[in-house]
Amino acid sequence: MEIVVRVEQGVRRLLPQAAREVLYGATLDEQLRDEVWREAVVRARQKPDRKGATSKEVWRLLTIWLALPGVYRTVHRVTSLLPVDRHDLEAEVVLALLEVIGTTDLDRSDVGGTIVRAAVNRAWGYARQTALEVPVVDIASIAAVRNACTSMDPGSVSENDWELHIEPPSRPDGLAAPLHFTVSRTTIEGERLGALAERLGLRDVVLRARRPGEGPVIGTLSLRPAGAAR
């Protein structure tokens, strides 16, 4: 695969790596550089005119490959300054290159600069837009999980389970809502009510409920078989 260009010195045949060196090397030949870009874009747009010729897709990939060194620094800078995923940014850059390869005006000078600038501008625009987006939790999923935990199907309760029911007092400084804990009967066998509350993190509630004279009553605590009448 060669890029064939015509310049004042004659016809030049360049392999892909040599073409890249022409575009970004220390020795810059403006005419040769423009002709390399123009030839690559022309090939990326047209269909092969003979059997076995390099396909349009391959030339498009080659043109993108030629443009990548011109956007490397921008990608690195954008990902360093803004909270954007590098893979998403690179995909956006490639998309911009594909679009500009098909639309850039080949009659104007600095075809390569036009292609690279389009990708650079797209990278900054995409990153700034992404930075303005604020990720939020999926409220619907959280509500579904919460409801699934609090809405217990009576048919799923075993007769060997125990249910802990805390009923708050009717005052604003008490507990906000009833709490229900279902624990296997095997787990609580041999344990006293205080030990169960300790495991559930309700030690202070039980202590105050058992000794109401030492402080204000904040609620009542009862232990009954799961599914029993309340």
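Where helices (runs of 4 or more DSSP H) sit wholly within the range 11-112, those with at least 1 residues that are among the acidic types (Asp, Glu) occupy 16-24, 30-45, 56-67, 86-103. Whether a residue is modelled with pLDDT of 60 or more and either of a type outside the set (A, V, I, L, M) or touching a Cys at 6+ places or on another chain (Cβ under 7 Å) (or both) was assessed, and Gly174 does not pass this test.
Residue count for the range 69-92 satisfying the condition of being touching a helix residue (DSSP H, G or I) at 6+ places or on another chain (Cβ under 8 Å) and either within 11 Å of Val116 (Cβ to Cβ) or aromatic (Phe, Trp, Tyr) (or both): 4.
Checking the stated criteria, Glu57 turns out not to satisfy the condition of being under 28 Å from Glu92 (Cβ atoms), surrounded by 12 or more Cβ atoms within 10 Å (Cβ to Cβ) and free of Cβ contacts under 8 Å to residues at least 12 places away in the same chain.
The values are calculated or read from the model by the stated rules, or taken from the named source; none is laboratory data. Since we're looking at a predicted model, the values are computed, not measured. Positions of Cβ are backbone-derived with ideal geometry, glycine not excepted, and every protein chain shown enters the neighbour counts.
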